[in-house]
């Protein structure tokens, strides 16, 4: 399965990057972001991408996060056949993965340090960017295991619903702040992809 | 053998032949043949229901129910445009199907026992799970219908909606006040004016109505469903061949989504070596031929119309209606198709 093999490949990549880098290094930067662009907080998501409570049958325990990338939704399982559903942006072609991870760390207004591979692809990116409203990671970040993947906010709310990131899941800032308050470190995150042909 | 006995046997044989002839005439085994001769599927649809069936100003139909008939046409003709849409009223729809004015009724019709037995019809499979739900202003910050105790409820008079509402509140020991009107427009106006705390109708209708409110985002539809409204296509009884085509058209679309086959990657799927995928797209086995169609029947559906999720998203999903129960059984919902094998 490409999903898992890519995941392990990326885990190895992340581990090697971490060896090279200072803590806080490994934020995987995303294509489609504009560092410095101040997020428009009045941006209104299309109705299908707005946060809402939905019917959701699941064998996962309440409190588990389920990401269904092909749908562009993140579900926080509530039990009783319900979940809180958030619209998300997901990894572009070649940056998809699936599997089970846990939230290992949480941060408010995280700093962003694009790794060298990203700088190589997009040399115009800053080498370091302090957390704040112009930061592509947005208002909150939840770090997934020891990977380069995060669930984070965005300064580009118009990219919610698209497949543009480098494997991270982005929510609008209001939604990521809402989710941040609801999930502790240690929360199970299940990522599902569309099956391969 | 006496003459009398011979006469009796003769009469008996004649009676059996006559009964068989009458039965045969009642047998409607030719829908597929007549459809092919006509070079079009006749599809009974709603005159106008956002997301399900609406004509544009040039008479081009679109919607979830419309796409289902196009999928059947794609399976038969490899051409999703070989459909004639016949708009039908709610009260005439089943009779028009019985009298063969249409081949399929794809008109947001709830499958119930009395409709199958009473009209001699058959609902092959559930295309869309709907149910009565509640819309509330988002500012009320409630998550479940069980928090609606003491509410003033806007509801259309003379509907089963009203009866379900009474049952639900009684069953949960809650009080409510009906704010009811004969016409849907009046109910919407009352809700807009804040004359009630919540609005009840079928969930699909609530989402469509929400889009017409000045600020749709200020209203939420609760995830609770208090009634079962399984919407299904309808065909006549005693035409098993046709019924199977209609049933498996829907199941092919659901299976395609589960297997990850879309209108975008169908060519890739035709090269797949996964047995489930090969059986569906017809590169292994002859499942389509056993339906009276071609081996690539399902590939045609997927190429022209897409899988179930694609059809859902393009029509009802864009109204903001979450997949909910209509999500696949493996992804949080209850849509489940038997396997093709």
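Counting every other Cβ atom within 10 Å of each residue's Cβ, B:146, B:97, B:231 order from fewest to most as B:146, B:231, B:97. Among B:68, A:169, B:85, sorting on how many other beta-carbon atoms sit within 10 Å of each Cβ, with the fewest leading, yields B:85, A:169, B:68.
Can you sort B:334, B:301, A:38 by how many other beta carbons sit within 10 Å, fewest first?
Starting with the residue having the fewest Cβ neighbours, the order is A:38, B:334, B:301.
Taking the longest Cα principal axis of chain B as reference, the axis of helix B:64-77 is set at about 20 degrees. With respect to chain B, whose longest principal axis is taken over its alpha-carbon atoms, helix B:240-259 is tilted by about 50°. For chain B, the longest principal axis of the Cα atoms and the long axis of helix B:160-171 meet at an angle of about 60 degrees.
Shown here is the pair-distance distribution of region A:128-197: with all Cα-Cα distances grouped in 10 Å bins from zero up to the longest one, the shares run 19, 50, 27, 4, 0 percent. Return the FRET efficiency for the residue pair residue A:111, residue B:185: r is the Cβ-Cβ distance, R0 is 45 Å, and the value is rounded to the nearest 0.05. Using R0 = 45 Å, I get an efficiency of 0.25.
Comparing B:240, B:149, B:197 in a Gaussian network model of chain B where C-alpha atoms under 10 Å apart are linked, the largest mean-square fluctuation is found at B:149. Global dimensions of the protein assembly as shown from alpha-carbon coordinates: Rg and Dmax equal 27.4, 111 Å. Ratio of Rg to Rh for chain B: 1.07 [Cα atoms; Kirkwood radius as inverse mean 1/r over pairs].
Taking the centroid of alpha carbons for each part, region B:194-208 and region A:63-130 are 35 Å apart. Taken over region B:108-238, the convex hull of the Cα atoms encloses 114 Å³ per residue.
Shielding value for A:67-74 is 3, the average number of Cβ atoms from other chains within 10 Å of each residue's Cβ.
Quick one: work out Rg over Rh on the C-alpha atoms of region B:54-178, Rh as Kirkwood radius.
1.08
Find how much the distance from residue B:92 to residue B:5 grows on full extension, using 0.36 nm per residue of separation minus their present alpha carbon separation; answer in nm with one decimal.
Result: 26.3 nm gained on full extension.
Each semi-axis of the equivalent ellipsoid for region A:41-168 is √(5λ) with λ an eigenvalue of the Cα gyration tensor; in descending order they amount to 26, 17, 14 Å.
Note on A:42-48: average number of Cβ atoms from other chains within 10 Å of each residue's Cβ is 4.
Under a Gaussian network description of chain B, with springs only between Cα atoms under 10 Å, the residue in B:54, B:31, B:160 that fluctuates furthest is B:160. Looking at the protein assembly as shown, the DSSP beta bridges with both ends there are about 65 percent antiparallel.
With Cα atoms defining each centre, region A:136-197 and region B:108-172 are spaced 35 Å apart in the structure. The relative contact order of chain B, computed from alpha carbon pairs under 8 Å that lie at least 6 residues apart in sequence, is 20 percent.
We did not get these values from a lab; they are worked out from the coordinates using the rules stated. Values in this document were obtained by computation on a predicted structure and should not be read as measured data. When we count neighbours, we look across all protein chains shown, and the Cβ atoms used for this are built from the backbone with ideal geometry, even at glycine.
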